[in-house]
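Since every read-out is calculated from the coordinates, none of them should be taken as a lab result. All values derive from a computational prediction rather than experimental measurement. Glycine gets a Cβ as well: all are built from the backbone with ideal geometry, and neighbour counts include every protein chain shown.
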Amino acid sequence: MKRLYLVRHGETAWNLEGRTQGRRDSHLTERGLYQATMLAKRLTKEPIDIIYSSNLDRAKSTAAIIGNELGLESHFHEGLAELSFGLWEGLTIKEIERDYPDAVNVWHSTPQLPCIPDGELLAVAQARINAAIEEILQASADKNILIVSHGTVLKLYLQGFLGMDLKDFYRLKQENCALNIIEYKKRGPMLTKYNDTSYMDIMIEGEALEKP
């Protein structure tokens, strides 16, 4: 394998409303479909051999748009699913702050500690994600792999890759349909592109899409 491509799904209705999604789902917005389409066109420039996706609909929909453009089918893996946000799922940030003020303070100051009611610990999620991606890497060792997943998933994986502590969870950001690339060199893997959405503002091969 030469490259691992990591992308977040397109904007959803709940992203737009500021609702916590976790394992629950909402459909891609018009802008989310545009983002996925632009990302798909950007990825035609890359030698991608195989696509893996989270089994949640927002990631599957994004992967399907990319796969249609690249002529590839998607393979789904439950280990790539978003962090479980327990009782916070479906709530806006204001609702969470109102109903769970103490837990929110812990989440904002020390996110590595247990704080999300009925939710998944960051350390547990990171172990799950690392195991899933390692399984994918082993199964497709000779291929350039694209993974379509979620913001927290990609942040946790990249934190581990970069040797960062979980307490620094908020130091990384992943925009909708952001592109990250890890290249495998003789000296080891190297992060060569991070949280890139610049392609959305560029006309690709002279073809422009109407931006929502």
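Taking only the Cα atoms of the chain, the ratio Rg/Rh comes out at 0.96, with Rh defined as the Kirkwood radius. Its relative contact order, with pairs defined as Cα atoms under 8 Å and 6+ residues apart, puts the chain at 31 percent. In plain terms, the bigger the Kirkwood radius, the slower the diffusion; for region 23-133, with that radius from Cα pairs, at 4 °C and 1.567 mPa s, Stokes-Einstein puts D at 81 µm²/s.
Within the chain, the selection of entire DSSP H helices by a Cα span of 24 Å or greater along the long axis and an average Kyte-Doolittle value of at least 0.0 returns 122-139.
Simple spin-label estimate for Lys2 and Ser198 gives 2.1 nm between the two label positions (7 Å along the Cα-to-Cβ direction from each Cα).
For the pair Val106 and Gln138, label points projected 7 Å from Cα toward Cβ lie 3.4 nm apart. Estimated purely from DSSP H runs of n ≥ 4, each contributing -39500 (n - 2.57), the mean residue ellipticity at 222 nm for the chain is -11000 deg cm²/dmol once divided by its residues.
Modelled spin labels at Leu16 and Lys94, positioned 7 Å past Cα toward Cβ, are 1.8 nm from each other.
For region 33-118, the list of GluC sites (Glu not before Pro) that fall in a loop by DSSP and count at most 15 other C-beta atoms within 10 angstrom reads Glu73.
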